[in-house]
1. Neighbouring Cβ atoms within 10 Å as the yardstick, rank 289, 359 fewest first.
2. Would the range 33-106 count as rounded, prolate or oblate if I go by the C-alpha gyration tensor, calling it rounded below 1.5 in a/c and otherwise prolate when a/b exceeds b/c, oblate otherwise?
3. Relative contact order for the range 33-106: what percent, with Cα pairs under 8 Å and sequence separation of 6 or more?
4. So, counting K/R as plus one and D/E as minus one, what does the shell of residues with Cβ under 14 Å around residue 361 add up to?
5. Contact order normalised by length for the range 208-311, with contacts defined as Cα pairs under 8 Å and 6 or more residues apart; what percent is it?
6. Restricting the calculation to Cα positions, tell me the Rg (one decimal) and the Dmax (whole number) of the range 437-483 in Å.
7. When 215, 199, 191 are ordered from fewest to most other Cβ atoms inside 10 Å of their Cβ, what list results?
8. For residue 5 and residue 174 in the same chain, what is the full-extension length gain: residue separation times 0.36 nm, less their Cα-Cα distance, in nm?
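Read-outs: derived from the displayed coordinates by stated rules, not from any lab. Since the structure is predicted, the reported quantities are computational estimates derived from the model, not experimental observations. Note that we place each Cβ from the backbone using ideal geometry, even for glycine, and neighbour counts take in every protein chain shown.
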Amino acid sequence: MAFGVPAGLMILATIIFVLGSRSYKKYPPKENVIARVTKVIITSLRNKVKSAEYREHWLDHALDGHNCTTNSMCLEIGEKKSLNETCAQRVFVEDVKALLRVTVMLLPIPMFWALYDQQVTNEISGFQMGLTSSLNGFAYLFELPPTTRPNERCQRDPHYFLVYPAVEKCGIRTTPLRRMVAGGVVAALAFVIAALVQFRVNYTLPDPPSANVAFVSFSNVYDRCNLTLSSPDLPTKTIPFNSSLVDDEVIGLHQAYRINVGSRNRQITFTVTPQKPCTDIPTKFSMNLKGGQAYQGILTRHGFTYNPIKLEKPKTGQEQSLLNVNLMVPYEALPKSVFWANCSNISTDCPVYSKGLALCKHNTHGKPICDAHDRTAVFGWPYGRVNENKTAVFYTFKDIDVGTFDVFYIAHKYTDTTDRDLIHQFYYIPLDGVTVQVIGIGAMYSLTIQTNSSNPKALEWNMNTLIPANEMNILWQIPQYVVITAAEILISITGLEFAYSQAIEMLVYAAVMLVVICIFALQAAFYYHYVDYADSQDSEDVFTQDSKDTSSRKELGNGTNQS
């Protein structure tokens, strides 16, 4: 629709233009105005260098050696007795002077448009990582604030027929140049508003560690036990059950460890102390930390595991948050329908499940299902990374839509998935009782799934927050859109009015084209970035088979298909 509707309208406009072209009087071009202007400027510069005669304006040197008695244009204008001027070349030189004066006055305009586009770029890249798009339970798209810009133009254009006369009644003459200066001041105000909003947005962005510092956050998913961590030269911290050490700049909360590791890796040993009697808790564990890296540690009944993570927010601009899965499900706890998890030696080769996993939109009308046709409803991982102790599997962070999801074991049904119905290309087996809810935009969550302590066949899960969700509403963009649109009207509309009133029509066309080319050049230099699709493959795509497994994957047999 985004491309089809404009294309259809352009085709319709072209047809209407062709049908109505017979009603226009088409005059053949008389001369090349741009070439004539260029010739006048070059001639003036050359004569100025060669001649020692003083001229009031350097363009007047274009008249050196000019003879009206032999010039056809001068002879033609001389026959028109109604004209006061009898020299066509002098008239044209005066027009070129007016054009240059207008061009000099319009030189700041390309810079205005470059900054105008730069502001929009910063809004998109910055605000998508720091704003939320809901208010009192009502959700709206991130594209909403920019849509106010064309509406603002339509509403403000007639208003200036009232504003300008009202200002002049106060004794202030609103000349075009004054209006353009006012537009520049208003544009600067828009940037000030954008800066104030961005300062607030920056509070919600994660703070990456410096080169010699490691950030460590811990999540406690041990069975209803509050745990206390201690280490020499580090503060002692207590982590309640189903909680994490979180940093939140908005409320000034800094719970994660900030450890100075120097230029080399540093091993840190922590001591774990439960606040009430809990069984099978490791009393000590060690971490090998590297500077400039953040880590997530997880304390569970199955032991301690940690992984390096990247502190960031989703950059897609959609209603999404980052989520990873820490799966601690032994093979003996898997349902029999997960037949693709067969392993030759479960105790040594594959003690925990580490193959395909997916989050699918929760079905509120019956049993959990996965609709592979709806790519926005399925978020999957083809495999996970097993930790050193082979007790946990880490599935990397992925952008997940806001909503409620069921978790599924998944596997490719065929080695060759081409020319087949997509929904029948995968096996989907739900993890019973695991239904998670992703709340808020721009958050970073860690989902831990493990077997129940009392029933090894049952599962329990915990969702921990590593980065809080965005708290500043995207509607705060609207004031700067309103202000920058007012500046655009003051500068662009008034600029065209000024240009057409101060220079002859044909020369204005040349000046406007020059301005457009300058804007295009600035955009090409500072705004556009070339995309290399050869390097943009997503190795995490659930619908793309892992290249390592393609050669070895075989038909999985006649198992039960649950979808």
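1. Values: 289 23, 359 28.
Listing 289, 359 from fewest to most nearby Cβ atoms yields 289, 359.
2. Working: a/c = 1.95, a/b = 1.32, b/c = 1.48.
Cα axes put the range 33-106 in the oblate bin.
3. Working: 50 pairs, mean separation 17.1, N = 74.
Across the range 33-106, relative contact order equals 23 percent.
4. Numbers: positive: 367, 375; negative: 319, 371, 374, 401, 406.
Here the charged neighbours net out to -3.
5. Details: 239 pairs, mean separation 37.7, N = 104.
That works out to 36 percent.
6. 18.6, 62
7. Working: 215 23, 199 9, 191 18.
The most exposed by this proxy come first: 199, 191, 215.
8. Working: separation 169, 0.36 × 169 = 60.84 nm, distance 4.03 nm.
Using 0.36 nm per residue and subtracting the Cα-Cα distance, I get 56.8 nm.
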